[in-house]
Amino acid sequence: MDNKKALGAALLIAVAIFFAELIGGFLSNSLALLSDAGHVMTDALALTLALLASIFAALPATRRQTFGFYRLEILSALINGSLLTIVAVYVFYEAVQRLLNPEPVGGTLMLVVATIGFLANLGGAVILAKASRENLNVRGAFIHVLSDAASSVGVIIGGVLIQFFGWYYADPIIGILIGLLILRGAYQLIMESANVLLEATPIGVKLDDVVTAICSVKGVKNIHDLHVWSITSGMNTIAAHILIEEGETARTNEILEAVRAALKTKFNITHSTFQTECEDCSDELFCTLEPHKKAHHHEH
């Protein structure tokens, strides 16, 4: 199942859970269910954003957006993380209110609805699991669904404690634990999104290792003006000036192909822009190399 179909299926599941928990929350007077319904509604909006981002990301590049619309996925992931943070704060607030003023809750209905929500969320998580490992945007949606499943487990535990022991404090305590879980996922998502938007070195890529890999290619003497960043999740990019050894300039294209192959294999860098230089050229304007040997080399 491709990303768009997976996100669409997860969105339909989220909408169904929202209405089930909203109605069940009102009928049982369960703050946990009502809060989780609000959480699911936020997730449904986030899934909608993620789906729209995937659609826009498939659009071709234009003269103004020369890289296409890939960054929409990252913006969507950042918004998702921000929404998760807001949800966590809301859960904390409501939990404190219930700790101060506990109210009776219909445990049986709470248990039934929470169990249905948990099973439905597990289905949504399974649908998104594979794509979430390859795409930051889908990972944001996946975290939303997982947090919903965790919320449902908390509500189930709270329902058991209320139904069999009459302990109404279980509702807000479980809410606080759910809020902490949500906040942790939100922090990770925001940090990863910000890393891409700030064009930082991709997570898992060490710049020193990149330099070593390039300089180990026969014919490369040195490298400078090196930049490595991500356009979107899984799409790493590099730009650099490569100094070719004396006597190797005739092999420039061959050297660059070897560099690209090494970078793709070791660091998943699939887009590269290199400028080649040689020590024979004391001044670029009067270089004796033929034009095709002293030029900018690009790969898309």
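Counting charges near Asp209 (Lys, Arg +1; Asp, Glu -1) among other residues having Cβ under 15 Å from its Cβ returns a value of +2. For the options Leu243, Leu45, Leu146, a Gaussian network treatment of the chain with springs between C-alpha atoms closer than 10 Å singles out Leu243 as fluctuating the most.
With neighbours defined as other Cβ atoms within 10 Å of a residue's Cβ, the residues Phe69, Phe18 order from fewest to most as Phe69, Phe18.
Pairs of Cα atoms nearer than 8 Å and 6+ residues apart set the relative contact order; for the range 3-197 it is 30 percent. Size estimate for the range 17-79 follows the Kirkwood approach: the inverse of mean 1/r over distinct Cα pairs works out to 13.5 Å. Using a Gaussian network model of the chain in which every pair of alpha carbons under 10 angstrom is joined by a spring, one finds that among Leu226, Leu128, Leu263 the greatest mean-square fluctuation is at Leu226.
Listing Val220, Val155, Val87 from fewest to most neighbouring C-beta atoms within 10 Å gives Val220, Val87, Val155. Counted by neighbouring Cβ atoms within 10 Å, the residues His144, His227, His271 run from fewest to most as His227, His271, His144. Expressed to the nearest 5 percent, the antiparallel share of DSSP beta bridges inside the chain is 60 percent. Separation of the range 142-187 and the range 65-93 by C-alpha centroid, Å? Distance between centres, Cα-based: 23 Å. What number in nm² do you get for the range 162-261 if you take the convex hull of its Cα atoms and divide its surface by four? Averaging across all directions leaves 9.6 nm² for the Cα convex hull.
Sites count as exposed loop sites when they are GluC sites (Glu not before Pro), lie in a DSSP loop, and have at most 13 other Cβ atoms within 10 angstrom; the longest stretch of the chain without one is 1-133. Of all the options Arg98, Arg251, Arg139, the one that moves most in a Gaussian network model of the chain with Cα springs shorter than 10 angstrom is Arg251. Other residues lying with their Cβ under 14 Å from the Cβ of Ala186 contribute a combined charge of -1, Lys and Arg counting +1, Asp and Glu -1. Estimated purely from DSSP H runs of n ≥ 4, each contributing -39500 (n - 2.57), the mean residue ellipticity at 222 nm for the chain is -22500 deg cm²/dmol once divided by its residues.
A short reminder: the numbers here are calculations on the coordinates, not readings from a lab. The structure presented is a predicted model; accordingly, all values stated were derived computationally and were not measured. Every residue, glycine as well, gets a Cβ built from its backbone with ideal geometry; the counts of neighbours run over all protein chains shown.
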